[in-house]
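What follows is a single structure, written as C-alpha cells, with notes after it.
The values are calculated or read from the model by the stated rules, or taken from the named source; none is laboratory data. Values in this document were obtained by computation on a predicted structure and should not be read as measured data. Cβ sites come from the backbone with ideal geometry, for glycine too, and all protein chains shown count toward neighbours. The accessibility values were calculated without ligands, DNA or RNA, using every heavy atom of the protein model including side chains. Shrake-Rupley method; radii C 1.70, N 1.55, O 1.52, S 1.80 Å.
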Amino acid sequence: EKGKYKYFMLKEIYEQPKTILDTLRGRLLIPEKIIYIDGIESNKDIFINAKCITIVACGTSWHASLIGEYLLEELTRIRVEVEYASEFRYRNPIVGKKDIVIVISQSGETADTLAALKLAKKKGAFVFGICNVVGSSIARNVDAGAYTHAGPEISVASTKAFTAQITVLVLLALIIGKYRSTINDRCYEFLCKELGSIPGKVDYALKTDDTIKKISQVYHNANHFLYLGRGINFPVALEGALKLKEISYIHAEGYPAAEMKHGPIALVDENMPVFVIATKKGYYNKIIGNIQEIKARKGKIIAIVNEGDIQVNMLADHVIKIPNISEILSPLITVIPLQLFAYQIAYIRGKNVDQPRNLAKSVTVE
Ligand code: F6R
C-alpha cells in the first residue's frame, strides 16, 4: 500500500535506500571483500573469456544498460554493445556461440526483450538475465541471471527497478573485473566500500526534495527541458528526460553535454530550462564550459552538484546538492533528484502520476 505517500511513484523513489541494500544483501560482503552472485560464479569461464557483451533492453532498462556499458568496459575491458530489443530482434544481429547477451527487464515480460532473448539463444549466445519479477517469462528463459531485489514496482514510471539494475551491473562489473584482473585490488576494495555507502547516500540525496519542490514551482509551466550529462552520467540525463516526458507530458531531451554545439544549442533561449549533471568528479571543467555556453544564450541552469561545490554554484540559476561518490557509482545518486523533479512537476500539473496516459506497466505486445 501507499501508506503516507500520495502516489506509488513517490513511495518507490523513497524506498531506494532499502531496495539497493536488498539488491546488495548476501552478494556484497564488505569485510571479506567478496562479491558473490551464483549465476556468475557457476559460469565464471564464460565471463572471463568473453570478447564482447551485448546488452538488450527497452526504455528505462535500456538506460540502465548504457550505464552498464560504461561500467563493464571500464572495469572489465570487454567490449560492450547496447541495443534496443525492438531493433536487435529485427536485424539479424551479429552474435555467435561464445558471445554473451545480457537482457535487462523489470517486468520480465516485455515482448521485444523476450523475442530478442530467444533470437540470441537461437544463435547460440549465452544469455544472462537481470529481472525484477521472479519467475517471469524472461527469467525463465535465460541461461543464468541475477534478480534485482527491488520488490513490486507499481508505478508505471520505473524508479527503484532502475537503481536496482544499476546495482546489479556494478556488482557484475566488479566481479568480472576481479576475475580478469582488469581492476587492481586497491580499486576493487575501494569500490566495494563505496558501494556499501550507497544506500546511506541515496537517503541523503532524497533530502533534496524540498529544494526540488521550490524549483518545480518555478518551472512547471515550461514546455521543453534539456538534460545534459557526460560520461556515465549521460544515460542518467536520458533517464531524467524520459521520466519527465512520461508523467508530466513535457517535452524533454537528454544529450551528452558536448553534443549541444552540434545542433541542440539552437533551441536554447530564456524559456529553456536546462538540467546539468555537474558533479565534481568527471569532466567537471568541461561541464563548466558547457554551462557557460548555455548561459550566454540566456538558458536557465538547474545543476546537480556535489556538496561544497563553488564554481557551478556561482554560474547556475539553481543548484541541487548531493553527496560525493566515485564517478563510476554516481548514477545511483545523480538520478535521485531527477526522479523527484519529474514527480513534483507532474504532481503540480495535476497528472495521474502512477498511471500516465497511453502507457502500460508491462509492454507485452510489440
Ligand atoms: C519507463 C518505463 C519503461 C520500461 C520499459 C521496459 O519508466 O517504465 O520505459 O522501462 O517498458 O520495461 P521492462 O524493464 O519491464 O522490460
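A single entry from 312, 236 fulfils the requirement of being among the β-branched types (Val, Ile, Thr), out of contact with any Leu (no Cβ under 9 Å at 6 or more places or on another chain) and either modelled with pLDDT of 95 or more or not in a strand (DSSP E or B) (or both): 312. Within the option set 235, 199, being open to solvent by less than 20 Å² (accessible area, probe 1.4 Å), touching a His at 6+ places or on another chain (Cβ under 8 Å) and touching a residue at least 24 places away in the same chain (Cβ under 8 Å) holds for one residue only, 235. Given the structure, is residue 169 within 20 Å of the chain's Cα centre (by Cα), more than 16 Å from the ligand (Cβ to nearest atom) and either in contact (Cβ under 8 Å) with a residue 12 or more places away in the chain or more than 27 Å from residue 363 (Cα to Cα) (or both)? No; evaluated as a whole, the condition is false for this residue. Within segment 172-182, if we keep just the residues that are open to solvent by less than 50 Å² (accessible area, probe 1.4 Å) and of a type outside the set (Val, Ile, Thr), the residue that is farthest from the chain's Cα centre (by Cα) turns out to be 177.
Taking first residues from segment 127-145 that are free of Cβ contacts under 8 Å to residues at least 40 places away in the same chain and partners that are open to solvent by 20 Å² or more (accessible area, probe 1.4 Å) and away from the ligand (no atom under 14 Å from the Cβ), the Cβ contacts under 6 Å between residues at least 6 apart in sequence or on separate chains come to 127/121; 127/143.
Within segment 121-140, restricting attention to residues that are in contact with a helix residue (DSSP H, G or I) (Cβ under 8 Å, 6 or more places away or on another chain) and farther than 18 Å from residue 168 by Cβ, the residue that is nearest to the ligand (Cβ to nearest atom) is 137. If only residues of segment 24-80 that are open to solvent by 50 Å² or more (accessible area, probe 1.4 Å) and of a type in the set (Ser, Thr, Tyr) are counted, the one that is nearest to residue 171 (Cα to Cα) is 36.
Please work out if residue 246 is among the charged types (D, E, K, R), surrounded by fewer than 22 Cβ atoms within 10 Å (Cβ to Cβ) and either outside any helix (DSSP H, G or I) or out of contact with any strand residue (DSSP E or B) (no Cβ under 8 Å at 6 or more places or on another chain) (or both). So residue 246 fails the test. For the residues 11, 18, 33, the requirement of being under 23 Å from residue 348 (Cα atoms) and among the charged types (D, E, K, R) singles out 11.
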